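Structure, as structure tokens:
Computed from the coordinates by the stated procedures, all read-outs in this text should not be read as laboratory data. In this text the structure is predicted, and so the values were computed from the model without any measurement. A quick note on method: Cβ atoms are made from the backbone with ideal geometry, for glycine too, and the neighbour counts reach across all protein chains shown.
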């Protein structure tokens with residue numbers, strides 16, 4: 001006589017509810033309010049702190065945690081070591097690591113290189129990477145176009161936008177600004193190169209227009225200025241695209257602005273005076 005088989009009873013799974021105020025953390029270290037509590041003091045972090053560890057190079061792509069380590073180092077040194085010194089040491093580590101991967105040269109106009117303060121900022125930022133002066137902004141852009149491993153540093157308000165728009169730098173874009181530590185206001189210089197722009201969560205988008213953006217434009221500009229060649233530079237918060245909201249709407253409604261995105265880069269680190 002065949003035995004009847006009873007159906008297995010489905011096991012009830014516990015239900016988990018996520019509160020509406022749950023916070024998993026920011027998209028990037030600089031924007032993460034949980035960094036102080038969730039930071040893991042990893043091997044690379046201790047290697048950087050140690051005076052005895054022979055490891056002195058740090059290589060990592062965007063998102064690998066370099067920014068988190070720098071933020072942690074700045075917090076650890078707060079009150080005992082000036083932020084500028086911490087960043088200078090950090091940049092030397094990064095620049096030495098960069099040179100291990102490929103030969104690089106920083107090109108900047110003679111007029112900018114002749115300014116002692118700017119020359120010091122450039123050397124502090126790029127560390128051991130060689131810096132060479134060229135006649136002007138266009139020559140710096142052409143050097144970047146011819147050699148992908150090189151970068152150009154030009155004064156933010158200088159005569160560089162027009163040759164940039166005419167592709168003097170090839171497919172290069174603005175990949176950063178100087179100085180890296182910001183106390184507000186517009187930067188002194190822009191860094192132009194071939195590095196791939198990646199969303200970090202604390203970014204700025206630099207756009208060129210023929211005039212000022214509308215007063216009610218959102219997001220509100222972080223800064224804007226007019227360059228020597230008559231263009232308007234505006235920095236907007238976020239990782240924005242010409243083909244997406246809100247820039248696409250502005251381009252469609254105001255052709256005369258001739259809006260062009262010239263670069264996207266991580267926001268400078270803000271330093272507040274004590």
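Observations on the structure shown:
- Peptides 214-221, 180-187 ranked from most to least packed by the mean count of surrounding Cβ atoms within 10 Å: 180-187, 214-221.
- Put in line by how crowded their Cβ is, counting other Cβ atoms within 10 Å and starting with the fewest, 150, 117, 138 read 117, 138, 150.
- Gyration tensor (Cα) of the range 212-274, equivalent ellipsoid semi-axes in angstrom: 23, 15, 12
- When you work out D = kT/(6 pi eta Rh) for the range 115-250 at 4 °C and 1.567 mPa s, using the Kirkwood radius from C-alpha pairs as Rh and the Stokes-Einstein form, the result is 82 µm²/s.
- At an R0 of 41 angstrom, the distance between the Cβ atoms of residue 115 and residue 242 translates into a FRET efficiency of 0.80.
- Each peptide in 156-163, 226-233, 253-260 gets a packing score, the mean of other Cβ atoms within 10 Å over its residues, and the list from highest to lowest is 156-163, 226-233, 253-260.
- Alpha-carbon Rg with Dmax, taken over the range 109-184, Å: 12.1, 35
- FRET E, pair residue 89, residue 226, Förster distance 45 Å, beta-carbon r, rounded to 0.05: 0.80
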